[in-house]
Amino acid sequence: MKLDNQNILLGVSGGIACYKSPEIVRGIRESGGQVSVVMTRSATEFVKPLVFQALSERPVATSLFSLEEENQIGHIKIAERADAMLVAPATANIIAKMAHGIADDYLSTSFLACTAPVFVAPAMNHHMWDNPAVQHNLDILKSRNLNIIQPGSGYLACGSYGTGRMAEPADIVSVLEDFFSKTGDQTGSGSPLKNIGVLITGGPTGERIFAVRFLSNDSSGKMGYALAECCQQLGADVTLISGPTSLPEPAHIETVHVMSARQMMEAVMERSEQTQIIIKAAAVSDFRIEAPNPQKTKKSDTLVLDLVKNPDILKELGKKKGKDQFLVGFAAESQDVKHYASQKLKDKNLDLIVANNILQKDAGFDVDTNRVLLIDSKGSTELPLLSKEDVAQKIMDYILAQDKCQSIIKG
């Protein structure tokens, strides 16, 4: 069983998605794990603690002021015993508490006392999910290496349609199973990229027009950052070269910040020869201003820009690629995606290209999800709509399954 002997601390906060949480307990138990449940007072209004006690076969913690639950400082002990903590559903309220260190109930205090990996499955109205405060709090949790299980899109309890539905219980349990299958042993099999250098680019580049204006694009950097964090979890020595983004710098990952395509070119080439896996996920500007004005250009009726081509970083990497290097490119297309991506794979001497249609809903720039096509010399594999974190995992699973990659890893 994939969760055999793993002790999961399940935190249940007060949202309508509470009705799904007993199925999470059932799934963990069926996978061989044990579950201790902590509930907020609001959660007990949706599902009675007795339900979780019957399914987990353990007492359910609900109050810091219970003599029975706290006779041995229970909120500390229950956190110390956990191999992982899962908060599902995670409301906007508990996410805010976790982000800012507020500890005013059993769940929030247990979280602060927990040193095990933490997984968060948000659930809320789509307007709440889109609120900048909620997204900022999630970014804080991500920067601290918490694992966010992306909510789905669909009809919500309020009757509206949008993103905010908690992931299905089976999918949440699968996330835990995947995590422990990769990192739960002591043999090193959970770190397949140990001692492997991975270089990743992410975000846009910006080309200066004059002192206060520049050309850029809509890339958020989320895909590149997700890949960097995924590779780190697989044990790699990761370097992330990032264009300008609003994302927090990933913890424990060497991050090099650049602005222009030429700066990114310099940073990449400086490090590429010492790297075994290179993933170019950045959206690099194809052109730059030939002679940017170092001063502010005054407003006029027209503005003519003289553009020159930027260096093709990916093509240069393809030319220099060694036998012990695995090179991955990205192709953001708006039509004939497979055709143009396949041509790019060949022209730039890539081992794999990840292509997507930027005009598709929920799969373009600056969104949390993606729908991609993986293309190599053997054929193509289409992935469904997934969170960018899940897409990153699928990409790395695909890379790790390739004979060339295994040869590089084994030396």
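The values are calculated or read from the model by the stated rules, or taken from the named source; none is laboratory data. Keep in mind that this is a model prediction, so the values were computed, not measured. A quick note on method: Cβ atoms are made from the backbone with ideal geometry, for glycine too, and the neighbour counts reach across all protein chains shown.
For this structure, a couple of remarks:
- The residue pairs whose first member lies in segment 28-46 and is within 11 Å of Asp4 (Cβ to Cβ) and assigned by TED's automatic domain parsing to the domain that holds Lys77, whose second member is among the acidic types (Asp, Glu) and surrounded by fewer than 23 Cβ atoms within 10 Å (Cβ to Cβ), and whose beta carbons are closer than 8 Å, counting only pairs six or more residues apart or on different chains, are Ser31/Asp4; Ser31/Glu177; Gly32/Asp4; Gly33/Asp4.
- Subset of segment 303-342 [within 27 Å of Ile289 (Cα to Cα), more than 28 Å from the chain's Cα centre (by Cα) and either of a type in the set (D, E, K, R) or outside any loop (DSSP other than H, G, I, E, B) (or both)]: Asp306, Leu307, Val308, Lys309, Glu316, Lys319
- Hits in segment 1-15 (condition: closer than 15 Å to Ser174 by Cα and either without any contact (Cβ under 8 Å) to a residue 60 or more places away in the chain or part of a loop (DSSP other than H, G, I, E, B) (or both)): Met1, Lys2, Leu3, Asp4, Gln6
- Test: residue in segment 344-367 that is in contact with a Phe, Trp or Tyr (Cβ under 7 Å, 6 or more places away or on another chain) and either assigned to a helix (DSSP H, G or I) or acidic (Asp, Glu) (or both): yes
- Residue, modelled with the highest pLDDT, within segment 140-189, restricted to residues that are closer than 17 Å to Ala116 by Cβ and among the acidic types (Asp, Glu): Glu177
- Segment 288-328, subset more than 22 Å from Gln263 (Cβ to Cβ) and among the hydrophobic types (A, V, I, L, M, F, W, C), residue surrounded by the most Cβ atoms within 10 Å (Cβ to Cβ): Phe326
- Contact annotation: residue pairs with Cβ atoms under 6 Å, 6 or more positions apart or on different chains, pairing a residue in segment 383-394 that is in contact (Cβ under 8 Å) with a residue 24 or more places away in the chain with a partner that is part of a helix (DSSP H, G or I) and surrounded by 21 or more Cβ atoms within 10 Å (Cβ to Cβ), are Lys388/Lys222; Lys388/Met223; Lys388/Ala226; Glu389/Ala226; Ala392/Ala226; Ala392/Leu227; Ala392/Cys230; Gln393/Cys230.
- Evaluating Ala103 against the criteria (1) out of contact with any Phe, Trp or Tyr (no Cβ under 9 Å at 6 or more places or on another chain); (2) in a loop (DSSP other than H, G, I, E, B) leaves one unmet condition, (1).
- Top-ranked residue of segment 355-380 - restricted to ones that are touching a strand residue (DSSP E or B) at 6+ places or on another chain (Cβ under 8 Å) and touching a residue at least 60 places away in the same chain (Cβ under 8 Å), ranked as surrounded by the most Cβ atoms within 10 Å (Cβ to Cβ): Asn370
- Qualifying residue in segment 117-139 (condition: out of contact with any Pro (no Cβ under 9 Å at 6 or more places or on another chain), under 30 Å from Asn5 (Cβ atoms) and either assigned to a helix (DSSP H, G or I) or at pLDDT below 90 (or both)): no
- Qualifying residues in segment 198-251 (those that are of a type in the set (S, T, N, Q) and buried (at least 24 other Cβ atoms within 10 Å of the Cβ)) - the one nearest to Leu314 (Cα to Cα): Thr201
- Failed criterion for Val37 (all others in (1) closer than 29 Å to Thr369 by Cα; (2) assigned to a strand (DSSP E or B); (3) touching a Ser or Thr at 6+ places or on another chain (Cβ under 8 Å) hold): (1)
- Test: residue in segment 212-226 that is modelled with pLDDT under 80, of a type outside the set (Lys, Arg) and out of contact with any Phe, Trp or Tyr (no Cβ under 8 Å at 6 or more places or on another chain): yes
- Cross-chain or 6+ apart pairs with Cβ under 7 Å, segment 90-105 first and among the small types (Gly, Ala, Ser), then part of a loop (DSSP other than H, G, I, E, B): Ala90/Ser13; Ala90/Ala123; Ala92/Met124
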